Each structure stands twice: as structure tokens, then as C-alpha cells.
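Since the structure comes first, as C-alpha cells, the remarks are kept for the end.
Only the coordinates and a few stated rules stand behind these numbers; no lab work does. Quantities reported herein were computed from a predicted structural model and do not represent experimental measurements. With ideal geometry, Cβ positions are generated from the backbone for all residues, glycine too; neighbour counts draw on all protein chains shown.
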Amino acid sequence: MKVGISLTSAHRTRDVRAGARWMIERTVAAREAGLDSLFVGDHHNVPAPYYQNTPIMGRLLAEWGDAPAGCLFLLPLWHPTLVAEQVGTLASIAKGRFIIQCALGDGRQQFSGLGVNIKLRPSRFEDGLDIIRRLLAGEEVTKEGRYPIREARIAPLPPEPVDIWIGGSAEPSIDRAARLGDAWLAGPELTPELAQYWIDYYLERCSAHLKTPPVIAIRRDIFVGESDAHAESVAGPIVKAGYRGFDPTACTYGGPETVAATFRKYAAMGYTDIIVRHLTDEPDQVLGSIRRLKDVREMVRDA
């Protein structure tokens, strides 16, 4: 099993430079901990500081090594030629493989703020993904549909193929991941029981589409404490307060051995990668947790 990290991009701070600095410091800590991948998210039209994916990833790649890195793109909110251009440039900066995580997105405020009809999400996603793949492969693309374009092309092209991970936690989106993606990214809201149910469904749909996925990833919101008691003191109140409306069993926190034992359960279900995001945003606590993830990664490496 591999352990990667998705950095929190939203930071409530009076000094916006502080939030950017935290993301840089966490990238350095993740590299030093030997984590297997680095990601940032995608969100739009928000009142609090949210560090947008492509510029912040360009900065973070200066601190990252040659392990895979990537961005989430809520594809219906983006023009596909713009996504392909941004990815082509980021992949040229990255020392390792670049990964596009993509999903439909949700929230009427996001869609209205960008002037996109939320009801068109599935068709915009599929049309956009088709164009992105073709552009990244070096094609000149002319196409009708949701994005009528003429003679579109991009440069620079990625120096190696870009992987596409598709997120979702419902039958249509998981079938879409099996049909169109290189991997499925399970959501952070899934309880262990639902994580098992949906990976079984995903593998069934992969079989139906004659595909064998090399990666099956799940995001977990976590905190690795010095001990179980320390983790409970930091993360326990956050989870008990109703963290993001999640069922508490979807969150993982404890000392390194406890977190590793939970991660091994996901490996036994068939997940190959766990992508972590932190329950707390307190700078020192997050950096400490990332450093302790080095021990967790060693414990689950052969799972």
C-alpha cells in the first residue's frame, strides 16, 4: 500500500501569505517523510482564502521530489483546453509522473459563480475529459458538443503519460471511473462498510468494461498523534463536533500503530493507495502528523 497526501487548500488566516507558507512547509515535510504522492484540491467562488490548484502546485513542485504529484479538477467548471494547457505545463515542471484527479463537483454557489449550468455536469465532464486526453496525447482537436472547439492544440506536452483518477461515490460516477479512468478515487465520506461496498462495485464495473485497474485509491481524513491519547485530544473534539457532516468512522486518528492498523484494513479490501488529508489545520500539529506518517508508511508498505 502507498500513502500520499492531499494538502488542505483552504486556510482561514489574516495573513494570506501564511496559508501559502503552510502548504509549502507541509510539502517539504511530506517529501522528507517519504510519502508516495502529493495532491491539491479544487474549489471556486468561496469567501475564505482558497489557494487555487495550478499556481500553488507550480510552487509546491519546487519543494517536491520525483514521486507522483497532481491536482484535482472539477471538470464541468473548466474549459478542457485550459485544463490541458495547465497540466502540460505542470507535468513539464514535475520531476515525476503527473496525475489528474477529476470529479463532477457540487454546490450551486460554485457553478453559478462560474456561469455553468449544474444540470449539465455529466455531459460536460465526459466531453471535457475526451478533449483533455486527446490534447495531452498531442492531437489537434476539433469537436462539437458541450465545448465546440476548432483546431485546438497544446504545448508543452507532458513528457510522460498523465494518469486520470476519477472520483465519485455513486453508481453512475463509479461506473464512469471504471469506463473512462485509469483509477477510481473513493471519497473521504465513506464509512469502512461503504468503502468495501463501493470497491466491490467498482471492480465489478471494471470487469464489465474489460479493464484491470492498476490503482484503486481512497481519501481518508486523518491525524497521526504521538499516541492514541494525543490523537484523541487533537482530533477527537473535531470529529465529535460533526466534522464535515461525516460519520465518525470515516475518519482515522490515533497513534502510528493504530492508524497503520486501520490502513491495513483498507489494503485488505483492495485499495492500493490511501491519500490523506488532515482533520486539523493547526500548523505544528499537521507537521507532526506528517512526520509520523513516515512510520505509518513503513508499517503498511507491504500490506
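Filter the strands (runs of 3 or more DSSP E) completely within the range 4-111 down to those with at least 1 residues that are among the small types (Gly, Ala, Ser) and under 13 Å from the mean Cα position of the chain (by Cα).
69-74, 98-103
Counting only residues that are more than 27 Å from Thr258 (Cα to Cα) and of a type in the set (Gly, Ala, Ser), how many does the range 202-228 have?
Residues meeting the conditions: 2.
What number goes with the only condition from (1) over 19 Å from the mean Cα position of the chain (by Cα); (2) within 19 Å of Asp42 (Cβ to Cβ); (3) among the small types (Gly, Ala, Ser) that Ala155 does not pass?
Only one criterion in (1) over 19 Å from the mean Cα position of the chain (by Cα); (2) within 19 Å of Asp42 (Cβ to Cβ); (3) among the small types (Gly, Ala, Ser) is unmet by Ala155, namely (2).
Can you name the residue in the range 110-129 that is out of contact with any Lys or Arg (no Cβ under 7 Å at 6 or more places or on another chain) and free of Cβ contacts under 8 Å to residues at least 40 places away in the same chain and is also farthest from Gly88 (Cα to Cα) among such residues?
My answer is Lys119.
Among the numbered criteria (1) among the hydroxyl-bearing types (Ser, Thr, Tyr); (2) buried (at least 21 other Cβ atoms within 10 Å of the Cβ); (3) closer than 14 Å to Asp281 by Cβ, which single criterion is violated by Ser37?
Condition (3) is where Ser37 drops out.
Quick test for you: out of Arg17, Arg12, pick the one residue that is surrounded by fewer than 16 Cβ atoms within 10 Å (Cβ to Cβ) and touching a residue at least 24 places away in the same chain (Cβ under 8 Å).
Unique residue meeting the criteria: Arg12.
Give the residue, chosen from Arg277, Arg264, that is surrounded by fewer than 22 Cβ atoms within 10 Å (Cβ to Cβ), outside any helix (DSSP H, G or I) and either among the polar types (S, T, N, Q) or touching a residue at least 12 places away in the same chain (Cβ under 8 Å) (or both).
Criteria check complete, one pass: Arg277.
Take the residues of the range 234-248 that are loosely packed, with under 12 Cβ neighbours inside 10 Å and not in a helix (DSSP H, G or I): which is farthest from the chain's Cα centre (by Cα)?
Ala241
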